[in-house]
Amino acid sequence: MTNVLTRNSTPEKGSGIPSHIAIVMDGNGRWASKRFMPHSAGHRAGAQNLRKLSEYIETLGVKYLTVYALSTENWARPEKEIAGLIKLMHEYFQQYIDDSKKNDMRLDFIGDASRFEPELQQKIETLKTITRNKTGLHVTLAINYGGRDELVRAARALAADTANGLLTPDKIDEEALTRKLDSFPTPHPDLLIRTGGEKRVSNFLLWQCAYSEMFFTDTLWPDFDKKELHAALDWFGGRQRRFGGR
Ligand code: IPE
Ligand code: IPE
Ligand code: MG
């Protein structure tokens, strides 16, 4: 069962390693508070963990990793925390640019980048361009991303095509909408992991997670390590995916 809509590639029971893992990297704030540190220290530890864990995930044969780094709703946080997150993105994107000379990872982005300052947008474009032909793990960072916002922008794009005579309303189906999503043509996640204890999707990949297996753990993101990842993978290996069938 692989088509443009589900594009899930590991439907059988016990097929082991998921092709696409998505992670809601939650719990940075609480990780820092527990240590009497500012939230920014938690975000830094979280970014460091992403670097480390994605390198490991690549060795497992996973093809896609999509991580939630900043939501459309997170702008409501204190100015200082937002400034810290922007600074961290500048720093880490630069590191990823430097790393690209020696590693195989492909870096991609979903979300509305137009809200970011031009310099950061430039780094995003550079990363996308210079890693486009890399054949290693395809990492997608969701920044200023909201599932609802993505769907609204997709609906707007379909409306524009209709107004321009490229499309008629009866041709708007699930596939047409899927093609307008930021995430297209990346397959939909097989496994969604959320760290930090909350059991909700918080506006992440609303359309794409229709049939993803969901793993929730209390572990805070900066503490989510190889061992924790293997617990999620073991659990995933035991799931029977039916996609609504028998
Ligand atoms: C997730 O960690 C990262 C972002 C939302 C940017 P949080 O900052 O939400 O961590 P908690 O939930 O406060 O612990
Ligand atoms: C989701 O976490 C967003 C990211 C991890 C980037 P939040 O901490 O923003 O979500 P809520 O507020 O717990 O729903
Ligand atoms: Mg949180």
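Would you mind stating whether Asn103 is over 17 Å from Met25 (Cα atoms), open to solvent by less than 60 Å² (accessible area, probe 1.4 Å) and part of a loop (DSSP other than H, G, I, E, B)? Taking the combined requirement at face value, the residue satisfies it. Residues of region 165-209 that are hydroxyl-bearing (Ser, Thr, Tyr), surrounded by fewer than 18 Cβ atoms within 10 Å (Cβ to Cβ) and away from ligand 1 (no atom under 16 Å from the Cβ): Thr168 alone. On the stretch given as region 55-84, residues that are within 23 Å of Asn203 (Cβ to Cβ), surrounded by 20 or more Cβ atoms within 10 Å (Cβ to Cβ) and of a type in the set (A, V, I, L, M) total 4.
The condition (being touching a residue at least 24 places away in the same chain (Cβ under 8 Å), part of a helix (DSSP H, G or I) and either farther than 16 Å from Asn28 by Cα or among the acidic types (Asp, Glu) (or both)) is satisfied by just one residue among Ile124, Ile86: Ile124.
Among the residues of region 166-199, those identified as under 13 Å from the mean Cα position of the chain (by Cα) and within 16 Å of ligand 2 (Cβ to nearest atom) are Asp182, Ser183, Pro189, Leu192, Ile193, Arg194. Scanning region 164-180 for residues that are among the hydroxyl-bearing types (Ser, Thr, Tyr) and part of a helix (DSSP H, G or I) yields a single hit, Thr178.
The values are calculated or read from the model by the stated rules, or taken from the named source; none is laboratory data. Values in this document were obtained by computation on a predicted structure and should not be read as measured data. With ideal geometry, Cβ positions are generated from the backbone for all residues, glycine too; neighbour counts draw on all protein chains shown. Calculation scope for accessible area: heavy atoms of the full protein, side chains included, ligands and nucleic acids excluded. Shrake-Rupley method; radii C 1.70, N 1.55, O 1.52, S 1.80 Å.
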